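Below: the structure, in structure tokens.
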Number of protein chains: 2
Amino acid sequence: MTYNDIPRHLAAVDCIIFGYDIIDKEIKLLLVRRNFEPAKGLWSLAGGFVMDDESLDEAASRILFNLTGLRNVFPEQSYTFGNRERDPGARVISTSYYALIKILDIDHSIGGNKDAEWFPISGLPQLIFDHDEMVRKALACLRRQVKINPVGFELLPEKFTMVQLQDLYEAIYQRKIDKRNFRKKIVSMKLLEKLDEKEKLTSKKGAFYYRFIKEEYENQKRNGFYFNLDIGK
Amino acid sequence: MTYNDIPRHLAAVDCIIFGYDIIDKEIKLLLVRRNFEPAKGLWSLAGGFVMDDESLDEAASRILFNLTGLRNVFPEQSYTFGNRERDPGARVISTSYYALIKILDIDHSIGGNKDAEWFPISGLPQLIFDHDEMVRKALACLRRQVKINPVGFELLPEKFTMVQLQDLYEAIYQRKIDKRNFRKKIVSMKLLEKLDEKEKLTSKKGAFYYRFIKEEYENQKRNGFYFNLDIGK
DNA sequence: CCAAAAGTGTTCGAATTACACCCATGA
DNA sequence: TCATGGGTGTAATTCGAACACTTTTGG
């Protein structure tokens, strides 16, 4: 047996790019209009093929960077889709990655780009191939992750209010959460620093800003404390 | 842009085959001795390349069947490994799958096979390439799954005792569990049927056999009850 | 002064944990 | 009869869930 007789396949990476719209209080996906056949003109995830000189992870980072200009976001692998007929143009084995980004970090850079657009997950357009299943699986990953890792903060600005944080979790879980219980739990983690500054756009009283203390999280992790934000019903 | 200029890659599947040794009370892996270069002669996961006429899932099932003769076990995808240099022989993108099987279902068929052998996860031989990382990731998947799905029963014979079930969970979690609390929780799920028969090999008194009632599990799932066997410390 | 959003504690029930002795039987 | 492993219940605690009013301030 040698490696020569073995069939080779196109390997692709598709990125589910999650953002959180702090105004609409909705999780959104950054989609692109596909500019080549098959399915040209339809909306799709940001994707591309894996080249010879890059790993899967590197391909995912490249695709993310090309669309968003962000370099310090590291996509997480979700699942690999390998049905024979999933892409009618050719057999393509595609690995999906998801990334969490702050919408404000990039909305200027894609502002003029008519081929990229944010869509709320509850109102996605029709997607090509099996991209809708990729989205479903990535959402499941996100919901699982968000319970055991402080990834929610990657979707929010540096400074955020408790109300915004809770709105985010409600958007992810698709469920109303009790305000007092939520704040109690968050505060008990001691991972947030309350700033002196207030956000005063959405109320007259104003809401204090908080900041996620990443160093404290790393510290707790080293000491064997695990993040847990399971808001079970 | 056309699909013609794009580099194509070898796509492989590697299977982490979990078994549970009811005597040693250990989770084991079925490994094979690799019979081609590179790394010929070393132990490795059961693997193979993805052919043109099969999906990734089908490739995993085929590889599992070729080694074990089992048809009604469906491997679950774990993770895809795509570093450029992971296989020194050629660039191979490999998706790992894990499967849970009953050791007794197959130990006769691999009994004479000197190129396949069960190893306890705590005493694995050196594995080729990044197969040790595949094992780590699959174990993490298994530990996560076992909390929310009744997959443990796939590792046990049809009839098993409470002690055996508890030993299994202790082997998976690598932690001692309180006997009374464990049984209380198991019984409260109402997913087990107590049989009249006793296992009398390991004690004079004998231990009652139980059977997992799959239909009842399906029934509960339909009614919105979720399996949960989280033995948090 | 009032509308609108932020912020704050307590109580109750359920679930989890810790813990120690009796039972059945083959050798 | 005794050594061995199987089987059982209760009390203490913790954790999650439910729930309503006060505060601030810009208009």
(message) Would you confirm, using the coordinates I've provided, whether A:Lys194 is within 9 Å of DNA strand D (Cβ to nearest atom) and either touching a helix residue (DSSP H, G or I) at 6+ places or on another chain (Cβ under 8 Å) or at pLDDT 95 or above (or both)?
(response) no
(message) Return the residues of the stretch A:155-174 that are closer than 26 Å to A:Pro75 by Cα and either outside the structural domain of A:Glu193 (by TED's automatic domain parsing) or within 14 Å of DNA strand D (Cβ to nearest atom) (or both); say none if nothing qualifies.
(response) A:Gln166, A:Tyr169, A:Glu170, A:Tyr173
(message) Out of B:Ser122, B:Ser109, I need the residue that is touching a residue at least 40 places away in the same chain (Cβ under 8 Å), exposed (fewer than 14 other Cβ atoms within 10 Å of the Cβ) and assigned to a helix (DSSP H, G or I). Which one?
(response) B:Ser122
(message) Give me the residue from the stretch B:199-229 that is in a loop (DSSP other than H, G, I, E, B) and more than 11 Å from DNA strand D (Cβ to nearest atom) and, out of that set, modelled with the highest pLDDT.
(response) B:Ile213
(message) Suppose we filter the stretch A:113-160 for residues that are more than 16 Å from the chain's Cα centre (by Cα) and closer than 18 Å to A:Trp43 by Cβ; how many remain?
(response) 10
(message) I need the full set of residues from the stretch B:191-221 which are under 26 Å from the mean Cα position of the chain (by Cα) and farther than 21 Å from B:Pro157 by Cβ, in order please.
(response) B:Asn219, B:Gln220, B:Lys221
(request) Taking A:Leu10 as meeting all but one of (1) among the aliphatic types (A, V, I, L, M); (2) farther than 30 Å from B:Lys40 by Cβ; (3) out of contact with any Pro (no Cβ under 6 Å at 6 or more places or on another chain), write down the number of the exception. (result) (2)
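Mind checking which residues of the stretch B:82-126 are within 11 Å of chain A (Cβ to nearest Cβ) and closer than 20 Å to B:Arg144 by Cα? Lay out the reasoning, then the answer.
Keep residues of the stretch B:82-126 that are within 11 Å of chain A (Cβ to nearest Cβ), which gives B:82-87, B:89-97.
Answer for the stretch B:82-126, where residues must be within 11 Å of chain A (Cβ to nearest Cβ) and closer than 20 Å to B:Arg144 by Cα: B:Thr95, B:Ser96, B:Tyr97.
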(message) So, B:Ala138, is that one in contact with a helix residue (DSSP H, G or I) (Cβ under 6 Å, 6 or more places away or on another chain) and under 20 Å from B:Ala59 (Cα atoms) or not?
(response) no
(request) Just name the residue that is surrounded by the fewest Cβ atoms within 10 Å (Cβ to Cβ) out of those in the stretch A:26-37 that are touching a Leu at 6+ places or on another chain (Cβ under 8 Å) and not hydrophobic (A, V, I, L, M, F, W, C). (result) A:Arg33
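Given the criterion within 16 Å of DNA strand C (Cβ to nearest atom) and touching a Leu at 6+ places or on another chain (Cβ under 6 Å), identify the matching residue among A:Tyr169, A:Tyr209. Give the steps one after another, and end with the answer.
On the way: A:Tyr169 fails: touching a Leu at 6+ places or on another chain (Cβ under 6 Å).
After ruling out the rest, the residue left standing is A:Tyr209.
Within the stretch B:59-87, how many residues turn out to be in a helix (DSSP H, G or I) and under 27 Å from A:Glu54 (Cα atoms)?
Quick first cut of the stretch B:59-87, residues in a helix (DSSP H, G or I) only: B:59-68.
When the remaining residues are screened for being under 27 Å from A:Glu54 (Cα atoms), the result is B:59-60.
Adding up the residues that qualify gives 2.
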(message) Please go through the stretch A:161-188 and give me each residue that is within 14 Å of the chain's Cα centre (by Cα) and of a type in the set (Val, Ile, Thr), ordered by number.
(response) A:Ile172
(request) Could you please give the count of residues in the stretch A:1-45 that are assigned to a strand (DSSP E or B) and either at pLDDT below 95 or more than 30 Å from B:Glu37 (Cβ to Cβ) (or both)? (result) 18
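I'm trying to understand the selection: among the residues of the stretch A:35-73, which are hydrophobic (A, V, I, L, M, F, W, C), over 13 Å from A:Ile17 (Cβ atoms) and more than 14 Å from chain B (Cβ to nearest Cβ)? Reasoning before the result, please.
Step one: of the stretch A:35-73, the residues hydrophobic (A, V, I, L, M, F, W, C) are A:36, A:39, A:42-43, A:45-46, A:49-51, A:56, A:59-60, A:63-65, A:67, A:70, A:73.
From what's left, over 13 Å from A:Ile17 (Cβ atoms): A:36, A:39, A:42, A:49-51, A:56, A:59.
Within the stretch A:35-73, A:Leu42 is the sole residue that qualifies.
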(message) Whether any residue in the stretch A:141-153 is within 14 Å of chain B (Cβ to nearest Cβ) and within 15 Å of DNA strand D (Cβ to nearest atom) is what I want to check.
(response) yes
(request) Inspect the stretch A:178-188 for any residue being away from DNA strand C (no atom under 15 Å from the Cβ) and outside the structural domain of A:Arg144 (by TED's automatic domain parsing) and give the result as yes or no. (result) no
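The values are calculated or read from the model by the stated rules, or taken from the named source; none is laboratory data. A quick note: this is a predicted structure, and the numbers were derived from the prediction, not measured. Quick reminder, even Gly has a Cβ in these numbers, built from the backbone with ideal geometry, and neighbours come from all protein chains shown.
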